[in-house]
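The values are calculated or read from the model by the stated rules, or taken from the named source; none is laboratory data. These figures come from a predicted structure and were not determined experimentally. All Cβ positions, even for glycine, are placed from backbone atoms using ideal geometry, and neighbour counts span all protein chains on display. Accessible surface is based on the protein model in full, side chains and every heavy atom, while ligands, DNA and RNA are left aside. Shrake-Rupley method; radii C 1.70, N 1.55, O 1.52, S 1.80 Å.
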Amino acid sequence: MGFLDGLWRGRESEFDSGSAATNSIQLTKRHSQVSLTKQGAATGNLRINLAWRMRSSDIGGTQRESLLRHPFKALKPPEVVGHSQSMVNVDLDLGCLYELKDGTRGVVQPLGGFLGDVNAPPYVKLSGDDRFGSASGETIYVNLDHKDAIKRLLLFAYIYDQTPAFDRTHAIVTLYPSNGPRIEIGLDERHPQARSCAVVMIENVKDEILVRREVKFVYGFQGELDRLYGWGLQWGRGHKSKAER
């Protein structure tokens, strides 16, 4: 943020934009919504990715060392390390509550094997279940060529098993439209006991596809998100099979 930015406070943008190098939009509390229709991206497959990482300081705890002995250590950024099963038990899942224009409601998620379909209702499909935070993460596809059939989609993330809190996983959900910059929503707010998070709502409002940041953390799971947004589904406790693990 340069000092000249203060001279332009009268100019309000529709969203916070990232740098030209990253070609991304960050949805924030202040600028929480963007129109895919207005940027010509309301067609084709919308790719939605959940990725996360852990810092070594999060995994092993903070080790304090004397700055007199290591004066340049304070200038060194914390090391970012990849995932492995032996390192830490991390399993974030990406899911989607959907409501179609004909009233059909349901969920697409790894738990229970509700993977959806991209070429038939609900026009939402999960590519698979990433158990250990690989580089590809977890991805959901939405076929916006059938946007006229879609009323609303709530993308959410939840912690399966004994994953540390969201603020330690440095999770980020990224939307890749068919046109224009990608859209990023970070999940690093401090909610130590939260197990689920409503991340982003995609709505068809008067034939305009709007993407709105939610980032609402709850202490329960999908049933609590359902009640919060009035989906009206029936929920039961589920477990992943060993094959899914």
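Summary of values
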item	result
Residue in segment 98-113 that is most open to solvent (accessible area, probe 1.4 Å), counting only those that are part of a strand (DSSP E or B) and touching a Gly at 6+ places or on another chain (Cβ under 7 Å)	Arg105
Residues satisfying the stated conditions in segment 177-197, i.e. closer than 25 Å to Lys38 by Cβ and surrounded by fewer than 21 Cβ atoms within 10 Å (Cβ to Cβ)	Ser178, Asn179, Gly180, Pro181, Arg182, Glu184, Gly186
